[in-house]
Amino acid sequence: MLLMPQKDWQWRYNDTYGVLSVSLGMEMEFLTPYRAKSLIPDALFQSEFSIEHARFYIELLDRLPRVLSVTDAAIVQTALNATAAHFMLKPQMPKSWFFDVSDVCVYSEAGKLFELKCRGERALVLVVENSLQATLVMLLSKELTLSDAKILSQFETIKIMHNRLHPLRVKKHIVAA
């Protein structure tokens, strides 16, 4: 069952774990992976999970099950992390140099899935925010090695130029008559 937003949901910074969280009512709290250094100043204080946040979250709840074959809990986790990333993370500069250029021109919008290619690896990413020249993506794969010194972990975000987004590989089904 997918978790729908309620009027008592609130953002707050969890000092115990040192991450942004979403209070989901009286006894539930969802911890994001986002630490204070990556958050906007307002994210360090309690604030409402607004109608705009709920709308973005619900759109992801609607879209993700159609493109991902994961449990409802994983859909909720992905949607909450993407909502947090979209509204609560500091702006980033593109770091496209880690990734291979795509031969295909793609249309990027929040909620779409793409692949990134880096050092011979492929990684699944979700578009969290789109602008004219760059896209903020959230890693859905477990991790991606960017360099000898940098590894991107699941649900971490990175901003890249659009020409680094590779469309998902489509599995072709051949039907013999």
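Of note:
- Annotation note: Cβ proximity below 7 Å between a residue of the stretch 117-142 that is within 13 Å of N81 (Cα to Cα) and a residue that is outside any strand (DSSP E or B) and of a type in the set (F, W, Y) (sequence gap 6+ or interchain) occurs for M138/F155; L139/F155.
- Matching option when the condition is in contact with a strand residue (DSSP E or B) (Cβ under 7 Å, 6 or more places away or on another chain) and either at pLDDT 95 or above or not assigned by TED's automatic domain parsing to the domain that holds T32 (or both), among S153, S147, S131: S153
Residues are listed down the side, and each one gets a yes or a no for (1) surrounded by 13 or more Cβ atoms within 10 Å (Cβ to Cβ); (2) at positive phi; (3) hydrophobic (A, V, I, L, M, F, W, C):
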| position | (1), (2), (3) |
| --- | --- |
| Q6 | no, no, no |
| D15 | no, no, no |
| E27 | no, no, no |
| F30 | yes, no, yes |
| I40 | no, no, yes |
| A74 | yes, no, yes |
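- Counting residues in the stretch 99-122 that are in contact with a Cys (Cβ under 9 Å, 6 or more places away or on another chain), closer than 19 Å to L144 by Cβ and surrounded by 18 or more Cβ atoms within 10 Å (Cβ to Cβ) gives one or more.
- Filter result (part of a loop (DSSP other than H, G, I, E, B) and polar (S, T, N, Q)) within the stretch 1-59: Q6, T16, T32, Q46, S50
- All told, H162 meets the bar of being farther than 30 Å from E48 by Cβ and surrounded by 15 or more Cβ atoms within 10 Å (Cβ to Cβ).
- Subset of the stretch 143-170 [part of a strand (DSSP E or B), farther than 21 Å from N130 by Cα and charged (D, E, K, R)]: E143
- Within the stretch 124-147, considering residues that are more than 12 Å from the chain's Cα centre (by Cα) and of a type in the set (D, E, K, R), the one surrounded by the fewest Cβ atoms within 10 Å (Cβ to Cβ): K142
- Each residue in the stretch 116-128 was checked for being small (G, A, S) and at pLDDT 95 or above, and 1 of them qualify.
The values are calculated or read from the model by the stated rules, or taken from the named source; none is laboratory data. All values reported here derive from a predicted model rather than from experimental measurement. Note: ideal-geometry Cβ built from the backbone for every residue, glycine included; neighbour counts use all protein chains shown.
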